[in-house]
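A.B. asks: My questions all concern the structure below.
The values are calculated or read from the model by the stated rules, or taken from the named source; none is laboratory data. For clarity, every value in this text was computed on a predicted model and none was experimentally measured. Don't worry about glycine lacking a Cβ; one is built from the backbone with ideal geometry, like all the others, and counts go over all protein chains shown. Keep in mind that these areas ignore ligands, DNA and RNA; they rest on the heavy atoms of the full protein, side chains included. Shrake-Rupley method; radii C 1.70, N 1.55, O 1.52, S 1.80 Å.
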Amino acid sequence: MKLQVIGDPVLHSKSPVIHGAMLEALGLDVPYAARVVRSGELPQYLAWARENGVTGFNATMPHKEALIELLDGVVGDAALFGAVNTVCLREGRWIGYNTDGGGALAALEGAGLWPAGTVVVLGAGGAAKAVALELAQAGAERVWVCNRTLSRAEELCRRDPRGVLVPQGASPDTLSRLCRDAELLVNCTDLGMAGCPHQFEDFSFLDALPPEAGVFDLIYHPAETQLLARARRRGLRGIGGLPMLVGQAVLALELFLDRPLDRGRMAAVASAALGT
Ligand code: NAP
């Protein structure tokens, strides 16, 4: 058995540390390494991986969507999201899965935030797609998908056959109006991420959230974003991106090993490896 994470860039990925720690804790001598695979090189990689004993791999940008066409099968959330983050060799066939949404739900559950009512999702990229569609499946009543580029939010919401997801713009007025009735706000944009030149220009939507609401910022670098710090100062419950990163990895390892794991123990091992 041999595991990898592929992408470009990928050498900064925390997956080798997380998976390495979990595999060691399980007493398994299984290598897990990062490998640069450039856009357009996926067919060659799949052939190489098969010949070289790779039994599973995680995929990050730019491959999550491109993989769909190249695999032998795509199941569950991966089919719903149109994006793959975990691939396993099952009886000689490459099968694609997606554990991002499950990781987000695990993070929310761990923080005691299980939204059944109204959620405001900021962003409409790959992460927003996983979070918004997973929340709709998990029973949220209404998910407002708010994005700078409205057409992208509209496209995302069309994937939800139940009509729980509704597209919106992301002006300060719109966000404040929608936040009034929300029990959870999730930031799935790059705003506040280390290396991103932009930041929220206006945090006034936080004042509109009810006092018992939660704020989930998917960004994990830095661990405490300005959004999260401001939310906490207002007395709102806050959660950063690391628990989701860990949660999706635990679910991916269950798929690689094809057996259930003690998820709480694995999450603790992975978090400790990340120094959190
Ligand atoms: P993506 O597909 O590139 O989407 C980026 C989103 O951010 C888009 O909605 C984009 O809006 C918005 N955005 C970017 N710059 C903006 C600006 N200046 N003003 C307003 N909106 C802006 O990226 P992604 O893969 O979804 O990742 C988004 C974030 O989630 C990243 O910070 C990533 O680190 C984090 N993430 C965390 C985890 C985890 O496990 N914790 C997992 C995945 C992603 P437009 O559509 O208008 O461009």
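A.B. asks: Hey, could you check segment 75-102 for residues that are open to solvent by 40 Å² or more (accessible area, probe 1.4 Å) and aliphatic (A, V, I, L, M) and say which is farthest from the ligand (Cβ to nearest atom)?
C.D. replies: Taking the candidates together, the pick is LEU89.
A.B. asks: Does segment 47-74 hold any residues that are part of a helix (DSSP H, G or I) and either over 17 Å from PRO9 (Cα atoms) or open to solvent by 10 Å² or more (accessible area, probe 1.4 Å) (or both), and which are they?
C.D. replies: Answer for segment 47-74, where residues must be part of a helix (DSSP H, G or I) and either over 17 Å from PRO9 (Cα atoms) or open to solvent by 10 Å² or more (accessible area, probe 1.4 Å) (or both): ALA47, TRP48, ALA49, ARG50, GLU51, ALA66, ILE68, GLU69, LEU70.
A.B. asks: Same structure again: When you look at LEU206, is it in a helix (DSSP H, G or I) and surrounded by 14 or more Cβ atoms within 10 Å (Cβ to Cβ), yes or no? Walk me through it before giving the result.
C.D. replies: On the way: in a helix (DSSP H, G or I): yes; surrounded by 14 or more Cβ atoms within 10 Å (Cβ to Cβ): yes.
Spelling it out, LEU206 is indeed in a helix (DSSP H, G or I) and surrounded by 14 or more Cβ atoms within 10 Å (Cβ to Cβ).
A.B. asks: Oh, and also: Can you pull out the residues in segment 152-211 that are away from the ligand (no atom under 16 Å from the Cβ) and free of Cβ contacts under 8 Å to residues at least 24 places away in the same chain?
C.D. replies: PRO161, GLY163
A.B. asks: Would you check if there is a residue in segment 250-271 being in contact with a Phe, Trp or Tyr (Cβ under 9 Å, 6 or more places away or on another chain), within 26 Å of ALA116 (Cα to Cα) and open to solvent by 30 Å² or more (accessible area, probe 1.4 Å)?
C.D. replies: yes
A.B. asks: OK, next. Answer yes or no: is there a residue in segment 60-70 that is aliphatic (A, V, I, L, M) and touching a Lys or Arg at 6+ places or on another chain (Cβ under 7 Å).
C.D. replies: For segment 60-70, residues aliphatic (A, V, I, L, M) and touching a Lys or Arg at 6+ places or on another chain (Cβ under 7 Å): absent.
A.B. asks: Count, please, the residues in segment 103-133 that happen to be open to solvent by 20 Å² or more (accessible area, probe 1.4 Å), part of a helix (DSSP H, G or I) and more than 10 Å from the ligand (Cβ to nearest atom).
C.D. replies: Result for segment 103-133: 4.
A.B. asks: Test each condition in (1) open to solvent by 10 Å² or more (accessible area, probe 1.4 Å); (2) over 28 Å from GLU24 (Cβ atoms); (3) without any contact (Cβ under 8 Å) to a residue 60 or more places away in the chain for ARG237 and report the one that comes out false.
C.D. replies: Going through the list (1) open to solvent by 10 Å² or more (accessible area, probe 1.4 Å); (2) over 28 Å from GLU24 (Cβ atoms); (3) without any contact (Cβ under 8 Å) to a residue 60 or more places away in the chain, ARG237 breaks only (3).
A.B. asks: To continue, here is another question. Kindly provide the set of residues from segment 139-151 that are more than 11 Å from the ligand (Cβ to nearest atom), open to solvent by 10 Å² or more (accessible area, probe 1.4 Å) and at pLDDT 95 or above, ordered by number.
C.D. replies: Hits for segment 139-151 are GLU141, ARG142, TRP144.
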